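In what follows, a single structure is set out as structure tokens and then discussed.
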Amino acid sequence: MMSLNSPTINTSESQSENTFLKQVANSFGKACDSYLPAARLQQQVALTALGMLSVNRKDKLLDLGCGPGWIHPELNNRCNEFCAVDLSAGMLKKAQSLHLATNYVQADAAALPLKTAQFDAVFSSLMLQWCPRPDAVFAEAARVLAPGGQLIITTLVQGTLIELQGAFATLDQKPHTQLFLPEAELMKAAANVPQVSWHFKQRNYSLFYPDVQSLARELKALGANQVAGRSATGLTGKGYWQKLAAAYEKHRTALGLPASYQVLFITGTKNAS
Ligand SMILES: C[S@@+](CC[C@H](N)C(=O)[O-])C[C@H]1O[C@@H](n2cnc3c(N)ncnc32)[C@H](O)[C@@H]1O
């Protein structure tokens, strides 16, 4: 059974939000060992984001949605100390096995059990698309940041997996993939946190796959297989896969089947006072 991922839920019920967060944590927990080899995009994006961060060796940093912590040796070289936060106990345990952060905290980025104004920088790569309330995440990231502190968040926005969404749409109208938020909506959410001067830059990444099954396997290996607002109805049956593959084929290039990922780099500095 396979369903593909969804970053945003349109629900006002905290119960559904809690259920969704549990599903996300479980999915990523199950993927903690398979994640890194599948994380081609995630590695490119996080390393680019890291290059945008100007921290110094005295700084204290927060890695929000740290995953298995593969980037922690890099963070360790750049700052004095850092704290690692993730919703998933499995991912956090994997990160903790590296013993590089000063503390490991299992928490929702929208409600951080962390003291105000304690970090010189907040780093968060490809977590935000999993958060039902990005505005609350922006507010929390800004709260824990010291005045003058820096923030870099990357996320996936509308246009991501557009080829796969199109192929599914030829089969039925169910939400098989995420409804990635448009950049404008995230800009609006960030504007609710005026103590940070925000900047946004979108970049398109294309990854190539031999076939649609390889793309689906990669998403599952990443733990990116939750669809919010519905139970996982799954992809079943050979016929269904054949139809999906046939619909995707029209995008084939000499490099294979492309999948587009629209990555938004959000940077900010918290006002000095
Ligand atoms: C795609 S992985 C990215 C991991 C790592 N930052 C990287 O770049 O490889 C997303 C991570 O965000 C975590 N996550 C998802 N929703 C979260 C939330 N609401 N609060 C904290 N972490 C969350 C997941 O458990 C997962 O480890």
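Can you tell which of Ala107, Ala101 is surrounded by fewer than 22 Cβ atoms within 10 Å (Cβ to Cβ) and either among the aliphatic types (A, V, I, L, M) or touching a residue at least 40 places away in the same chain (Cβ under 8 Å) (or both)?
One residue alone meets the criteria, Ala107.
Name the residue that is nearest to Ala139 (Cα to Cα), counting only residues in region 58-75 that are under 14 Å from the mean Cα position of the chain (by Cα) and in a loop (DSSP other than H, G, I, E, B). Filtering first and then ranking leaves Gly65.
Mind checking which residues of region 68-81 are in contact (Cβ under 8 Å) with a residue 40 or more places away in the chain and of a type outside the set (Val, Ile, Thr)?
Leu75, Cys79
Hey, can you tell me all the residues within region 1-50 that are β-branched (Val, Ile, Thr), in a helix (DSSP H, G or I) and either farther than 17 Å from Leu207 by Cβ or at pLDDT below 95 (or both)?
Thr19, Val24, listed by residue number.
No other residue among Leu156, Leu128 is touching a Pro at 6+ places or on another chain (Cβ under 6 Å), touching a residue at least 60 places away in the same chain (Cβ under 8 Å), hydrophobic (A, V, I, L, M, F, W, C) and within 13 Å of the ligand (Cβ to nearest atom) apart from Leu128.
Pairing each residue of region 24-44 that is closer than 19 Å to Leu98 by Cα with any residue that is near the ligand (Cβ under 10 Å from one of its atoms) and among the basic types (Lys, Arg), provided the two are 6+ apart or on different chains, yields C-beta distances under 7 Å for Cys32/Lys94. Take Val85 and tell me if it is part of a strand (DSSP E or B) and either of a type in the set (S, T, N, Q) or within 9 Å of the ligand (Cβ to nearest atom) (or both). The answer is yes for Val85. Scanning region 112-123 turns up no residue that is within 23 Å of Phe20 (Cα to Cα), within 15 Å of the chain's Cα centre (by Cα) and surrounded by 17 or more Cβ atoms within 10 Å (Cβ to Cβ). With the structure loaded, tell me whether Glu218 is under 27 Å from Pro37 (Cα atoms) and over 17 Å from the mean Cα position of the chain (by Cα) or whether it fails that test. Against the criterion (under 27 Å from Pro37 (Cα atoms) and over 17 Å from the mean Cα position of the chain (by Cα)), Glu218 does not qualify.
The values are calculated or read from the model by the stated rules, or taken from the named source; none is laboratory data. Keep in mind the model is a prediction, meaning the values are calculated, not measured. Using ideal geometry, Cβ is built from the backbone for each residue, glycine included, and neighbour counts are taken over all protein chains shown.
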